[in-house]
Amino acid sequence: MSKHNIPVQKNQQYEVMFEDLTHEGAAVAKIDGYTLFVPKALPGERGVVKVTKVNKGYGFGRLMERLETSEHRAEPPCPVYHQCGGCQLQHLSYDAQLRQKQKMVQDVLERIGKISDIPVHPTLGMDDPWRYRNKAQVPVATREGGLVAGFYQERTHHIIDMDECLIQQEANDKVVQTVKDIANKLHIKGYDEEKHKGVLRHVVARYGLVTKEVMVVLVTRTNDLPHKEQLIAEIRDRLPEVKSIVHNINTRRTNVIFGDQTDVLWGEEYIYDYIGDVKFAISARSFYQVNPEQTKVLYDKALEYAQLSSEDTVIDAYCGIGTISLFLAQKAKHVYGVEIVPQAIDDAKRNAKLNNIDNVDFAVGEAEKVIPWWYAQGIRADVIVVDPPRKGCDEALLNTIIQMKPKRVVYVSCNPATLARDLRVLEDGGYQTKEVQPVDMFPHTMHVESVAILEIKL
Ligand code: SAH
């Protein structure tokens, strides 16, 4: 569409019908063939939209008035839903969210992967889709009235003070409120991002869902933590569930939360949690799934799809801290895990020991380099599990899988688009996708995880 035949103008209002939702959670409206993206509207609704931005091929609008309301609309229970941006779907009923995620996976498999004749099952959701996050990372600043700690207002670095996040474990909310209160009393300054001054940058809280253990991490700009002893004493007194108090120093001018130096101020270096029967040690910096209840659902499905026998050798590519590897090791003859972050492999090895699992080997490196090397050493996998980051699998890895010819590939994905792309490559290389199971790990957000099973064509 060229500039002068775009049928809408900025700041003008239009009455529209909403059709679909994008993967960012905005509704799609068409005006004479021109696409507008409108947050907080829903498919099936009609409303008045004010155009806020006009690009060549598409624009953005704000919903000014709803003329027809979707039967799936829900009242967002969070008081700061519209300022925060952390959730995108609280205005859609949870059942409809689950159906929407299933449809997104179906659509993208068909559009990008040309895969349309397999079952994409209904999304496995949570019975209670609130208070599921086990980690809070909350920025802190100082204002006239004292410390504020909460979240960055959408698309800004302005901190909005908040005491409660409805998708966060209550224990973590309590840590943040209490630390804020104590730090205020002790006149500890919050961080000033613009001037790179002040002390306390972030409060991080971690929670073991099964063990109920709590870790508090205080991230400061300064090497010293003022009033350290009083701070520790008060945290211990007011939060007896805390097992570990940790100080992390981040002197840099950066958006990255953690700096390189981490010291345990009081208590343990680790808290623990379980997924199923497997125990995990979690340090201040450890990667650990943020919704362990649904992680179990996802990995149980991966395990079911893997159909392991005690004779099977398995490779877990992108293994992180070994969550899937340790799950699989309980059923398989041997598991090889590979992961690019050395600290994650340290955690994976520690977790294997912690659980007395000795039929696993973990290696640091790029999956697309290490797995071909294993292949050259004569290692053959009966089943390969991949759980790549959003960008999907490296093509070299997919080619190695096609060469190695495991009988099954289990693909765990946090991005349906790259899942679809990679499934197409594997299909062209001799595999057949049997079924796909979406799992809701992040209720009220647009994130969708899924697990696919592929079998080699004979
Ligand atoms: N299954 C893991 C999480 C996987 S998330 C768990 O549950 O713990 C994806 C992982 O892939 C991340 O840990 C990331 O560090 C790793 N990664 C990214 N690129 C990689 C590559 N080229 N080779 C191996 N691992 C990689």
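Side notes on the structure shown:
- Matching entry among ARG201, ARG221 (being buried (at least 22 other Cβ atoms within 10 Å of the Cβ) and either at pLDDT below 95 or out of contact with any helix residue (DSSP H, G or I) (no Cβ under 9 Å at 6 or more places or on another chain) (or both)): ARG201
- Of the residues LYS174, LYS135, LYS195, LYS189, the single one that is touching a Ser or Thr at 6+ places or on another chain (Cβ under 7 Å), open to solvent by 10 Å² or more (accessible area, probe 1.4 Å) and closer than 30 Å to GLU229 by Cβ is LYS189.
- Scanning segment 150-170 for residues that are modelled with pLDDT of 95 or more and open to solvent by less than 50 Å² (accessible area, probe 1.4 Å), we see that the one that is nearest to LYS212 (Cα to Cα) is GLN169.
- Which listed residue, of VAL38, VAL80, is open to solvent by less than 40 Å² (accessible area, probe 1.4 Å) and in contact with a Leu (Cβ under 9 Å, 6 or more places away or on another chain): VAL38
- In segment 125-176, the residues that are in a strand (DSSP E or B), in contact with a Phe, Trp or Tyr (Cβ under 8 Å, 6 or more places away or on another chain) and of a type in the set (A, V, I, L, M, F, W, C): VAL138, VAL140, ALA141, ILE159, ILE160
- Residues that are surrounded by fewer than 18 Cβ atoms within 10 Å (Cβ to Cβ) and of a type outside the set (S, T, N, Q), drawn from segment 369-393: LYS369, PRO372, TRP373, TYR375, ALA376, GLY378, ILE379, ARG380, PRO389, ARG390, LYS391
- When GLU170, GLU164, GLU154 are checked against the criterion of being without any contact (Cβ under 8 Å) to a residue 24 or more places away in the chain and not assigned by TED's automatic domain parsing to the domain that holds PRO443, a single residue qualifies: GLU164.
- Flag for PRO388 being part of a loop (DSSP other than H, G, I, E, B) and within 26 Å of the chain's Cα centre (by Cα): yes
- Pairs, first closer than 27 Å to GLU193 by Cα in segment 229-257, second β-branched (Val, Ile, Thr) and open to solvent by 50 Å² or more (accessible area, probe 1.4 Å), C-beta under 7 Å, six or more apart: VAL246/THR262; VAL246/VAL264; ASN248/THR262
- Reported count of residues in segment 301-341, each being in a strand (DSSP E or B), more than 11 Å from the ligand (Cβ to nearest atom), free of Cβ contacts under 8 Å to residues at least 40 places away in the same chain and open to solvent by 10 Å² or more (accessible area, probe 1.4 Å), is 1.
- When residues of segment 402-421 are limited to those that are free of Cβ contacts under 8 Å to residues at least 60 places away in the same chain and out of contact with any strand residue (DSSP E or B) (no Cβ under 8 Å at 6 or more places or on another chain), the one most open to solvent (accessible area, probe 1.4 Å): GLN403
- A Cβ distance below 7 Å, combined with a sequence gap of six or more or placement on separate chains, defines the contacts here; from segment 442-456, residues that are modelled with pLDDT of 95 or more reach residues that are open to solvent by less than 20 Å² (accessible area, probe 1.4 Å) and of a type in the set (D, E, K, R) in the pairs VAL448/LYS101.
- Among the residues making up segment 342-354, those that are more than 9 Å from the ligand (Cβ to nearest atom) and either buried (at least 21 other Cβ atoms within 10 Å of the Cβ) or of a type outside the set (Lys, Arg) (or both) are PRO342, GLN343, ILE345, ASP346, ASN351, ALA352, LEU354.
- Taking the numbered list (1) surrounded by fewer than 23 Cβ atoms within 10 Å (Cβ to Cβ); (2) out of contact with any Lys or Arg (no Cβ under 7 Å at 6 or more places or on another chain) in turn, ARG424 passes all entries but (2).
- Test: residue in segment 282-293 that is more than 24 Å from HIS247 (Cα to Cα), aromatic (Phe, Trp, Tyr), under 21 Å from the mean Cα position of the chain (by Cα) and within 16 Å of the ligand (Cβ to nearest atom): no
- The set of residues in segment 49-63 being within 15 Å of GLN9 (Cβ to Cβ) and either surrounded by 14 or more Cβ atoms within 10 Å (Cβ to Cβ) or touching a residue at least 40 places away in the same chain (Cβ under 8 Å) (or both) consists of VAL49, LYS50, VAL51, THR52, LYS53, VAL54, LYS56, TYR58, GLY59, PHE60, GLY61, ARG62.
- Of all the listed residues (LYS195, LYS101, LYS114), the sole one being part of a loop (DSSP other than H, G, I, E, B), farther than 25 Å from GLY259 by Cβ and of a type in the set (Lys, Arg) is LYS114.
- Only listed residue being surrounded by fewer than 19 Cβ atoms within 10 Å (Cβ to Cβ) and modelled with pLDDT of 95 or more, chosen from GLU45, GLU24, GLU15: GLU15
The values are calculated or read from the model by the stated rules, or taken from the named source; none is laboratory data. The structure presented is a predicted model; accordingly, all values stated were derived computationally and were not measured. Positions of Cβ are backbone-derived with ideal geometry, glycine not excepted, and every protein chain shown enters the neighbour counts. Just so you know, the surface numbers come from the protein's heavy atoms only, side chains and all, with ligands and any DNA or RNA stripped out. Shrake-Rupley method; radii C 1.70, N 1.55, O 1.52, S 1.80 Å.
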